[in-house]
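To start, the structure under review is shown below, and the notes come after it.
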Amino acid sequence: MTKFLLAVHVLAAIIAIGPVTVAASMFPPAARRALSAPADGHVFSSARLLHRICRVYAVLGVVVPVFGFATAGSMGVLGDSWLIVSIVLTSMAAVVLGALVLPRQSAILAGLESAAPPGADDEAARRMTVRLAMFTGIFNLLWAVVTVLMIVRPGSSTGA
């Protein structure tokens with residue numbers, strides 16, 4: 001049963017978290033392109049699609065910690081420090097995504113949809129994309145650290 005739970009946990013991480021990290025990273029440049037070419041509907045559609053991918057896969061990503069806890073319980077490692085650190089970092093990544101990345105993506109899209117005249121508040125919008133890129137980088141870094149902890153499992157009695 002442990003192998004099945006672990007396989008589902010890893011597959012869920014790849015299938016759910018992978019697209020969020022990629023789409024979230026692609027969103028700020030797409031939004032900047034949309035700001036530069038407000039008449040180009042294709043560029044705006046790309047940004048909107050990237051945001052939708054982030055939202056949908058963020059919800060699907062809930063499966064990752066669910067199966068992670070089930071796997072950890074099955075392996076008897078729920079109290080291991082590497083797992084506790086991973087849980088804290090995963091929680092932080094969820095907060096960054098839910099409170100900082102997704103709302104800013106929505107706000108940028110709302111600004112693009114409002115069809116304000118070019119130059120109206122371009123500088124503020126560009127600064128918003130820069131901050132969004134920073135928060136997205138933090139989100140991705142948190143997941144990278146969690147991934148390394150899951151592979152290396154420092155101090156684990158189950159081996160690496």
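The values are calculated or read from the model by the stated rules, or taken from the named source; none is laboratory data. Since the structure is predicted, the reported quantities are computational estimates derived from the model, not experimental observations. Using ideal geometry, Cβ is built from the backbone for each residue, glycine included, and neighbour counts are taken over all protein chains shown. Accessible surface areas use protein heavy atoms only, side chains included; no ligands, DNA or RNA. Shrake-Rupley method; radii C 1.70, N 1.55, O 1.52, S 1.80 Å.
Brief remarks follow.
- Top-ranked residue in the range 14-46 [being open to solvent by less than 80 Å² (accessible area, probe 1.4 Å) and of a type in the set (Ser, Thr, Tyr); ranked as nearest to MET128 (Cα to Cα)]: SER25
- For the range 91-102, a residue qualifies if it is open to solvent by 60 Å² or more (accessible area, probe 1.4 Å) and farther than 25 Å from PHE69 by Cα, but none of them does.
- Residue in the range 78-86 that is of a type outside the set (S, T, N, Q), open to solvent by 50 Å² or more (accessible area, probe 1.4 Å) and on the phi > 0 side of the Ramachandran plot present: no
- Qualifying residue in the range 75-82 (condition: in a helix (DSSP H, G or I), modelled with pLDDT of 95 or more and under 30 Å from THR2 (Cα atoms)): no
- Candidates VAL56, VAL88, VAL101 - the one that is touching a helix residue (DSSP H, G or I) at 6+ places or on another chain (Cβ under 6 Å), modelled with pLDDT of 95 or more and aliphatic (A, V, I, L, M): VAL101
- Subset of the range 47-72 [in a helix (DSSP H, G or I), open to solvent by 40 Å² or more (accessible area, probe 1.4 Å) and out of contact with any Leu (no Cβ under 7 Å at 6 or more places or on another chain)]: LEU49, ARG52, ILE53, VAL56, TYR57, VAL59, LEU60, VAL63, PRO65, VAL66, PHE69
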